[in-house]
């Protein structure tokens, strides 16, 4: 249980997100916008320095007699149970909160840099894909991180200050935590993958020395994915007793995401089809692998968007395979592609 908990949290918050958003965002935001430095260099340094502190808090949860193993979602009442060492859960929550501060500061910094410090004459319409992906990711982080922080601190409050936000014995509601967590948790999937979209688009464009097919449609698709991805959180909660009309809304909105996502995949493939593809273009081969794995992961996700199918497959290895195709194979491949291609 402890291994699975730490695997999920470390891979998401301390591998992919600092790599694709913090790492490439920090490096390429000034370069692609022709500005000498990010808007707030000292704030940038603070966001970098607090990240190792967050990592140490999280990883030190294994040092106690009973390591916290409630799963990476930290669902109550398991995470608030006295059977699990509360100090381990405390350190996990504090580590996530500090990591959230780092991401929040980076988001404000990148958005300010792109919107206000880009070179004169460089309008947003012709800004690089990577810059657009950082803008959309920053907006989602700024909108959802406070909700996650509130939910986590309510969890701490239940454990140490005799509150009953999530305790059903005293009229609390554990499902409230699920709403608060997944309101951040589902946009987090797109926070992880959208910077990968920017990197892949950039590398395909550079490899073949041409613009991506449907340039403006690709930017619009990223925007639509960001908006729709922020309003479909309850499709992770189809088994908690949602009303029929609520399930219908989240089913429809979830399946709707496949339209802008499919647009991106078709445009990438169309760019390849209009080019002289050669095996010597190694970065472009990496992007082909990304497109294949992401498409496979996205297709399995469309099936899960249906409420009836989701109830049948909830908490099975089908779901595990789905998000690992998108994140483990998709986002990590984008990370490797960025290192290799840039």
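Looking across 201, 138, 157, 205, one residue alone is outside the structural domain of residue 341 (by TED's automatic domain parsing) and at pLDDT below 95. It is 157.
Each residue in the stretch 165-219 was checked for being in contact with a helix residue (DSSP H, G or I) (Cβ under 7 Å, 6 or more places away or on another chain) and on the phi > 0 side of the Ramachandran plot, and 1 pass.
Among the residues of the stretch 206-246, write down those that are part of a helix (DSSP H, G or I), more than 30 Å from residue 314 (Cα to Cα) and more than 24 Å from the chain's Cα centre (by Cα).
Initial filter on the stretch 206-246 (part of a helix (DSSP H, G or I)): 206-208, 215-229, 233-236, 244-246.
This time we only want the ones that are more than 30 Å from residue 314 (Cα to Cα), so: 206-208, 215-220.
Result: 206, 207, 208.
The single condition from (1) more than 30 Å from residue 28 (Cβ to Cβ); (2) not assigned by TED's automatic domain parsing to the domain that holds residue 104 that residue 214 fails is (1). Could you tell me whether any residue of the stretch 164-174 is surrounded by 20 or more Cβ atoms within 10 Å (Cβ to Cβ), over 12 Å from the mean Cα position of the chain (by Cα) and in a helix (DSSP H, G or I)? Taking every residue of the stretch 164-174 in turn, none turns out to be surrounded by 20 or more Cβ atoms within 10 Å (Cβ to Cβ), over 12 Å from the mean Cα position of the chain (by Cα) and in a helix (DSSP H, G or I).
The rows are residues; the columns are (1) under 16 Å from residue 260 (Cα atoms); (2) surrounded by fewer than 22 Cβ atoms within 10 Å (Cβ to Cβ).
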site	(1), (2)
156	no, yes
162	no, yes
181	no, no
187	yes, no
203	no, no
211	no, yes
217	yes, yes
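Only one of the numbered conditions (1) surrounded by fewer than 20 Cβ atoms within 10 Å (Cβ to Cβ); (2) under 21 Å from the mean Cα position of the chain (by Cα); (3) within 21 Å of residue 8 (Cα to Cα) is not met by residue 299, and that is (3).
If we keep just the residues of the stretch 270-283 that are loosely packed, with under 15 Cβ neighbours inside 10 Å and outside any loop (DSSP other than H, G, I, E, B), which is modelled with the lowest pLDDT? Ranking the qualifying residues of the stretch 270-283, first place goes to 282.
Within the stretch 1-46, the set of residues being under 13 Å from residue 102 (Cα atoms), surrounded by fewer than 19 Cβ atoms within 10 Å (Cβ to Cβ) and more than 19 Å from the chain's Cα centre (by Cα) comprises 42, 43, 45, 46. Among the numbered conditions (1) outside the structural domain of residue 218 (by TED's automatic domain parsing); (2) over 26 Å from residue 294 (Cβ atoms), the only one that residue 148 does not meet is (2). Kindly check whether there is at least one residue in the stretch 68-86 that is in a helix (DSSP H, G or I) and over 18 Å from the mean Cα position of the chain (by Cα). Yes, that holds for at least one residue.
The values are calculated or read from the model by the stated rules, or taken from the named source; none is laboratory data. The structure presented is a predicted model; accordingly, all values stated were derived computationally and were not measured. Methodologically, a virtual Cβ is constructed for each residue, glycine included, from the backbone with ideal geometry; neighbour enumeration extends over all protein chains shown.
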